[in-house]
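The values are calculated or read from the model by the stated rules, or taken from the named source; none is laboratory data. For clarity, every value in this text was computed on a predicted model and none was experimentally measured. Neighbour counts are summed over all protein chains in view; Cβ atoms, including those assigned to glycine, are modelled from backbone coordinates with ideal geometry. Note: areas computed on protein heavy atoms with side chains; ligands, DNA, RNA excluded. Shrake-Rupley method; radii C 1.70, N 1.55, O 1.52, S 1.80 Å.
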Amino acid sequence: MKVLVVGGGGREHSLVWKLNQSPRVTKVFCAPGNAGIAAEAEVVPIEVTDIAAMVDLARRERIDLTCVGPELPLTHGIVDAFEEAGLRIFGATRAAAEIEGSKVFTKDLLAKYNIPTGTYRVFDNARDARAHLSEVGAPIVVKADGLAAGKGAIVCQTLQEAEEAVRLIMEERAFGAAGDRVVVEEFLTGEEASFLAFSDGKTVLPLATSQDHKPIFDGDRGPNTGGMGAYSPAPVVTDEIFRQTMDEIMIPTIRAMESEGRPYKGVLYAGLMIKDGRAKVLEFNARFGDPEAQPLVMRLDGDLVQIMEAVIDGRLDEVILNWHDDASICVVMASGGYPGSYEKGKVISGLDEAGALEDVKVFHAGTSLKDGKIVTAGGRVLGVTARGRDIPQAIERAYEACSLITWEGAQYRKDIGAKAIKFLK
Ligand code: AMP
Ligand code: GLY
């Protein structure tokens, strides 16, 4: 069968890599892909939001199964358009993807169904938001309602920062219409984890646990990024927290979406804050995490096509997920200056040497081919991913690979996975 992956980041490279291992897959397409994906799939230069062109591609190439990586095509209705055209696609419909596309929708849903999350208020004008902030004070979190490329949640330590966040979102309109409304949310403390589950609308099948590292610098300092590294399993998610998350968060959310007439099919990703043995929801995403997908896909022991088809056909109750009994970690190598402005077009060296190491796979994110050379083309450039018998061995292998790769200005965190170590002692 022929499959198409929509997207062009590290997450999509890991999906292409895994789908290529399915005995049923004869050819993988990826749109728009990147330089690393181009070596393993046929890449087609289509923007992820050009849904009509994606439908045309799937028809023309007789694609049997399409899998969507990023959130934007989901919230733009790619799944609805494919289904209308009679094409098989793995992902959330536009109505279901609202769980990522609108923070107001999600907070109201969680409140209505008593699903644990921080307290909040919604405002549609800056004056009322400011009045509320001066009552409640800081620390506090101000979030744009809509999608803002991961930059719409602003954690404010002082009242002044919170007022500035309201100004940025609602008056400067830094994120456009995404800032028509803001959520002002209780500041939660604890340790974050990513909890992903497949769902066919009824059955909820959890993936292995994982943890992201959002801030740019070691020790979780500096501004937030799309994610600078991830690992699996994440020992902060104890068996007890795993059960509580399934019973109080994942299953009730899938049921709530069904009750609201928005049945959820695809992969649901809860960003959790864990404290005192309990998890609360920070946010939901309607897709795999990036970089969480890279270590998760590496540990998944089984045919991803079979899982995706069971989701589409509502047969997830027949599926058992198996995981390799080891650990995996992904270290993101980024352009100098990211998450601020950065230069592109730097020649990357050492990719072959790093990729030749045992149990290492270098997933590409922002890369492109120029004059026969692989060059940087984005903020997050590579996801250097390794497996090991345990987290410490996986860390050692991933960082050995990173040390072989370089380009002008390359930066990466040196402490990915370190948070897991304290639980292992
Ligand atoms: P979000 O896009 O809502 O996940 O927010 C991005 C990041 O902001 C999260 O990964 C957290 O690090 C932080 N964050 C979001 N909401 C809160 C909250 N209520 N309390 C503390 N930190 C938060
Ligand atoms: N790793 C964070 C995200 O995918 O949103």
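Values computed for the structure shown
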item	result
Whichever residue in region 1-39 is open to solvent by 10 Å² or more (accessible area, probe 1.4 Å) and assigned to a helix (DSSP H, G or I) and, among such residues, is nearest to Gly227 (Cα to Cα)	Arg11
Any hit, region 326-337, residues being part of a loop (DSSP other than H, G, I, E, B), open to solvent by less than 50 Å² (accessible area, probe 1.4 Å), within 16 Å of ligand 2 (Cβ to nearest atom) and under 25 Å from Lys361 (Cβ atoms)	no
Only one of Val236, Val142 that is within 15 Å of ligand 1 (Cβ to nearest atom) and in contact with a Ser or Thr (Cβ under 9 Å, 6 or more places away or on another chain)	Val236
Arg167 being within 14 Å of ligand 1 (Cβ to nearest atom) and open to solvent by 50 Å² or more (accessible area, probe 1.4 Å)	no
Residues located in region 170-180, provided they are away from ligand 1 (no atom under 15 Å from the Cβ) and not hydrophobic (A, V, I, L, M, F, W, C)	Glu171, Glu172, Arg173, Gly176, Asp180
Subset of region 269-294 that is of a type in the set (Gly, Ala, Ser) and either more than 26 Å from Ser328 (Cβ to Cβ) or away from ligand 2 (no atom under 16 Å from the Cβ) (or both) - its residue that is modelled with the lowest pLDDT	Gly277
In region 145-159, residue farthest from ligand 1 (Cβ to nearest atom) [restricted to those that are surrounded by fewer than 17 Cβ atoms within 10 Å (Cβ to Cβ) and not hydroxyl-bearing (Ser, Thr, Tyr)]	Leu159
Extreme residue, nearest to Leu147 (Cα to Cα), among residues of region 40-59 that are surrounded by 19 or more Cβ atoms within 10 Å (Cβ to Cβ) and among the small types (Gly, Ala, Ser)	Ala58
Filter result for Ala81 (surrounded by fewer than 20 Cβ atoms within 10 Å (Cβ to Cβ), out of contact with any helix residue (DSSP H, G or I) (no Cβ under 8 Å at 6 or more places or on another chain) and either on the phi < 0 side of the Ramachandran plot or in a helix (DSSP H, G or I) (or both))	no
Looking only at region 103-119, and only at residues there that are away from ligand 2 (no atom under 16 Å from the Cβ) and of a type in the set (Ser, Thr, Tyr), the one that is nearest to Glu71 (Cα to Cα)	Thr117
Count of region 272-327 residues which are away from ligand 1 (no atom under 16 Å from the Cβ), among the charged types (D, E, K, R) and closer than 28 Å to Asp64 by Cβ	8
Residue match in region 251-259 (condition: among the hydroxyl-bearing types (Ser, Thr, Tyr) and out of contact with any helix residue (DSSP H, G or I) (no Cβ under 6 Å at 6 or more places or on another chain))	yes
Test: Val183 is open to solvent by less than 40 Å² (accessible area, probe 1.4 Å), away from ligand 1 (no atom under 13 Å from the Cβ), more than 18 Å from the chain's Cα centre (by Cα) and of a type in the set (A, V, I, L, M, F, W, C)	no
Selected residue [open to solvent by 10 Å² or more (accessible area, probe 1.4 Å) and closer than 19 Å to Gly227 by Cβ] from Ala420, Ala394, Ala398, Ala410	Ala410
Residue pairs meeting the criteria (Cβ under 8 Å; at least 6 apart or on separate chains; first closer than 11 Å to Gly137 by Cβ and without any contact (Cβ under 8 Å) to a residue 60 or more places away in the chain, in region 150-163; second open to solvent by 70 Å² or more (accessible area, probe 1.4 Å) and more than 10 Å from ligand 1 (Cβ to nearest atom))	Cys156/Glu164; Leu159/Ser134
Qualifying residue in region 376-387 (condition: surrounded by fewer than 19 Cβ atoms within 10 Å (Cβ to Cβ), at pLDDT 95 or above and not aliphatic (A, V, I, L, M))	no
Subset of region 222-238 that is outside any loop (DSSP other than H, G, I, E, B) and open to solvent by 10 Å² or more (accessible area, probe 1.4 Å) - its residue that is modelled with the highest pLDDT	Gly222
Output for region 248-268, where each listed residue is open to solvent by less than 10 Å² (accessible area, probe 1.4 Å) and either more than 16 Å from ligand 1 (Cβ to nearest atom) or part of a strand (DSSP E or B) (or both)	Met250, Ile254, Ala256, Met257, Tyr264, Gly266, Val267, Leu268
Residue ranges of strands (runs of 3 or more DSSP E) in region 111-194 with at least 2 members within 27 Å of Glu260 (Cβ to Cβ)	120-123, 140-144, 182-186
Residue in region 261-268 that is among the hydroxyl-bearing types (Ser, Thr, Tyr) and either within 14 Å of ligand 2 (Cβ to nearest atom) or touching a residue at least 60 places away in the same chain (Cβ under 8 Å) (or both) present	yes
